[in-house]
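See below for the structure under consideration.
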Amino acid sequence: MSDVIKLMPDALANQIAAGEVIQRPASVLKELVENSVDAGASKITVNIKDAGRTLIQVIDNGCGMSVTDARMSFERHATSKLTKAEDLFCIYTKGFRGEALASIAAVAEVELKTRRADDAIGTDVIINGSKFISQTPVSTPQGTNFAIKSLFFNVPARRKFLKSNSTELQHIITEFQRIVLTHPMIEFALHHNDNIIYSLPKTNLKQRILGVFGKNLNSTLIPVEIDTSIVKITGFCGKPSPSKRKTDKQFFFVNNRYMKNSYFHKAVALAYDKLTLPDCIPPYFLYMEVDPHTIDVNVHPAKTEINFENASDIFRLLQAGIKETLSKSDVTPAIDFDNQAINDIPYFRSDSPLPEEPQISYDPDYNPFVSTEKPQSFSDGGGSRSKGSYNYKQSDYQPLRRSTDNWQTLYESALNGSTDDIKPAAAPTPLMQIGNKYIAALHDNGIMLIDQYRAHLRILYEKYLRQIASNADATQQLLYPQPLDLDATSLAMAYDIRDELMSVGFDIDFPSPTATATLRGIPPFLEQNKAIDVLIKVIDSYRDEHGNISSSMKDILARSAARSEAVMGGRSLSTEEMQTLKDDLLATQQPEFSPDGRKTTIVLRPDDLERMFN
Ligand code: ADP
Ligand code: MG
């Protein structure tokens with residue numbers, strides 16, 4: 001038998017490599033624009049036609065290429081940027097595999113015009129699907145002009161895999177934003193079908209951010225400067241706002257390269273903890289500089305994840321640094337919850353006279369942490385529910401004795417800062433609100449602390465789930481259809497998932513993927529004035545969880561509706577409201593967790609307290 005192994009033809013190898021590097025028009029844009037940046041351009045113009053299907057053109061005024069280099073640049077592993085393998089690990093330039101142009105040329109029709117400053121005449125190279133067509137002299141301005149036409153013309157599967165024009169355009173815009181945000185000193189322009197999307201003059205970082213995302217960010221950006229031996233972090237973070245709208249203007253860069261990093265995002269989110277809703281962190285633009293030896297820039301150019309040697313240290317520095325930045329810029333509420341618990345106790349108040357020493361008769365045998373009832377766990381406690389309202393099981397809780405009652409009212413009025421207004425406690429079990437965010441209750445031989453926002457989320461979420469289940473795919477038609485004012489990304493996403501949205505009752509009319517859509521019908525259980533807010537949350541969650549099949553659209557809708565409705569931390573609740581919230585929470589299927597899996601409650605038992613007093 002003869003040998004069977006053959007070398008793959010170059011064209012085929014390039015096409016396969018292209019599958020990794022070039023996934024969509026946006027990848028072409030990224031590679032070409034990064035090359036232009038590397039070529040030292042001070043001005044880069046991008047022209048797109050039909051979301052990149054017809055044309056992706058990148059024109060720069062950089063160093064240009066010689067006649068030979070222009071031809072050579074399309075060879076695989078052709079690069080002027082790598083001289084020794086070791087350099088791979090210390091890369092400051094953008095691309096480094098010498099693979100991009102070969103890959104692009106394998107799956108498109110490419111024309112390159114380029115001229116160096118010292119050359120009188122430039123060169124024009126045409127390559128179609130890895131096939132060299134021609135190279136001729138041409139008169140062209142100094143710099144490089146790449147025109148990529150008919151992307152994936154020879155890979156029908158890829159072409160078919162492309163999403164709607166609006167989605168592909170959105171990817172292009174996102175990629176463009178990531179690059180322009182790292183090079184404010186370069187002038188950029190982006191055109192789509194002869195419309196100007198961006199025209200960005202050379203400027204400083206702050207003005208560049210405003211140029212990309214609009215001047216209304218101006219009032220919110222706070223400069224960040226965290227300088228340590230393992231990482232330097234500069235840039236801007238947004239002032240906390242009570243907004244319930246999610247933002248996607250959150251960017252990390254490392255060594256001036258965009259990266260995705262959900263771990264570091266958590267650090268930022270923690271710094272904003274209690275200042276905003278957990279999933280409504282303000283925009284941020286954070287630039288990290290680290291020793292390139294301490295990161296693993298994934299050699300895969302299409303990937304944006306990067307591994308850090310000092311990840312957990314950076315996490316802590318980031319969290320503490322942002323927190324300090326926020327506190328210095330005086331945007332944090334005067335007292336944050338941790339301190340407020342203390343400050344609210346009147347003994348620390350300097351502005352009010354000391355309350356008269358209360359005369360309390362107390363029962364020396366009484367121990368509030370010893371329950372006379374058998375302990376009951378959350379999941380089975382109060383679980384029974386009678387039609388329409390929740391059943392509060394008195395037996396779950398320690399009944400008050402006279403002396404504690406007294407103590408309770410005194411304590412409550414002390415918290416309210418007055419001693420003369422002593423009312424008997426209305427609740428069957430003492431309830432207190434702490435920092436307008438938490439409810440404290442005696443529970444089961446301990447103290448239960450409830451996060452009021454998360455608890456409310458859980459209650460509403462289960463309620464909506466039931467309503468959706470009983471009304472599956474019904475729609476409530478709107479008398480007056482409303483225009484949907486969505487940003488380009490959300491609109492593209494909504495268009496892509498229109499069938500799924502319909503399946504839960506959102507009837508939306510899309511004249512085209514990019515034109516303004518109209519909301520015609522909404523799920524019956526939603527109030528009309530909340531519907532758009534909920535819809536936006538649904539789209540956002542869907543985008544975040546894309547590919548995670550474990551959450552159904554119904555689940556996402558129930559969660560989004562709950563988020564839009566829930567009482568934020570920061571609101572003061574009446575005793576009755578606290579009581580209802582607590583009872584309703586304990587009556588849910590899963591009282592321990594909010595619908596997104598965070599703790600709703602903490603129980604401190606005597607053991608815990610003993611440990612804490614140690
Ligand atoms: P890499 O960027 O990894 O070197 P590419 O395939 O992207 O690989 O590019 C190959 C080479 O072509 C580059 O190293 C560079 O020398 C040259 N080149 C590409 N684009 C430009 C440009 N816009 N201006 C000047 N030279 C370029
Ligand atoms: Mg490159």
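The values are calculated or read from the model by the stated rules, or taken from the named source; none is laboratory data. This structure is a prediction, so every number in the text was calculated from the model and none was measured. When we count neighbours, we look across all protein chains shown, and the Cβ atoms used for this are built from the backbone with ideal geometry, even at glycine. Calculation scope for accessible area: heavy atoms of the full protein, side chains included, ligands and nucleic acids excluded. Shrake-Rupley method; radii C 1.70, N 1.55, O 1.52, S 1.80 Å.
Of note:
- Count of segment 23-61 residues which are away from ligand 2 (no atom under 12 Å from the Cβ) and not in a helix (DSSP H, G or I): 20
- Within segment 133-144, none of the residues are more than 16 Å from ligand 2 (Cβ to nearest atom) and surrounded by 21 or more Cβ atoms within 10 Å (Cβ to Cβ).
- Residue match in segment 8-24 (condition: at pLDDT 95 or above and exposed (fewer than 15 other Cβ atoms within 10 Å of the Cβ)): no
- For the criterion of being free of Cβ contacts under 8 Å to residues at least 60 places away in the same chain and either within 12 Å of ligand 1 (Cβ to nearest atom) or in contact with a strand residue (DSSP E or B) (Cβ under 8 Å, 6 or more places away or on another chain) (or both), GLY40 passes.
- Condition met for VAL58 (more than 9 Å from ligand 1 (Cβ to nearest atom) and at pLDDT 70 or above): no
- Annotation note: of GLN135, GLN177, GLN170, GLN207, the sole residue that is closer than 26 Å to ALA70 by Cβ and among the polar types (S, T, N, Q) is GLN135.
- Restricted to segment 274-324, and to residues there that are basic (Lys, Arg) and modelled with pLDDT of 90 or more, the residue that is surrounded by the fewest Cβ atoms within 10 Å (Cβ to Cβ) is ARG316.
- Evaluation of MET185 against (1) in a loop (DSSP other than H, G, I, E, B); (2) within 17 Å of ILE322 (Cβ to Cβ) (one fails), failing number: (2)
- Pairs where the first residue, in segment 455-477, is without any contact (Cβ under 8 Å) to a residue 60 or more places away in the chain and the second is in a helix (DSSP H, G or I), C-beta under 7 Å, 6+ apart: ASP473/SER503
- Test: residue in segment 191-200 that is in contact (Cβ under 8 Å) with a residue 60 or more places away in the chain, in a strand (DSSP E or B), outside the structural domain of ARG257 (by TED's automatic domain parsing) and open to solvent by 20 Å² or more (accessible area, probe 1.4 Å): yes
- Residue selection: GLN170 fails the criterion of being surrounded by 16 or more Cβ atoms within 10 Å (Cβ to Cβ), modelled with pLDDT of 90 or more, of a type in the set (S, T, N, Q) and part of a helix (DSSP H, G or I).
- Among residues of segment 225-236 that are in a loop (DSSP other than H, G, I, E, B), those with a beta-carbon under 6 Å from a residue that is open to solvent by 30 Å² or more (accessible area, probe 1.4 Å) at least six positions away or on a different chain give the pairs THR228/LEU317; ILE230/ASN310; ILE230/ASP313.
- Just so you know, in segment 448-502 the residues that are under 25 Å from the mean Cα position of the chain (by Cα) and acidic (Asp, Glu) include one that is surrounded by the fewest Cβ atoms within 10 Å (Cβ to Cβ), and it is ASP499.
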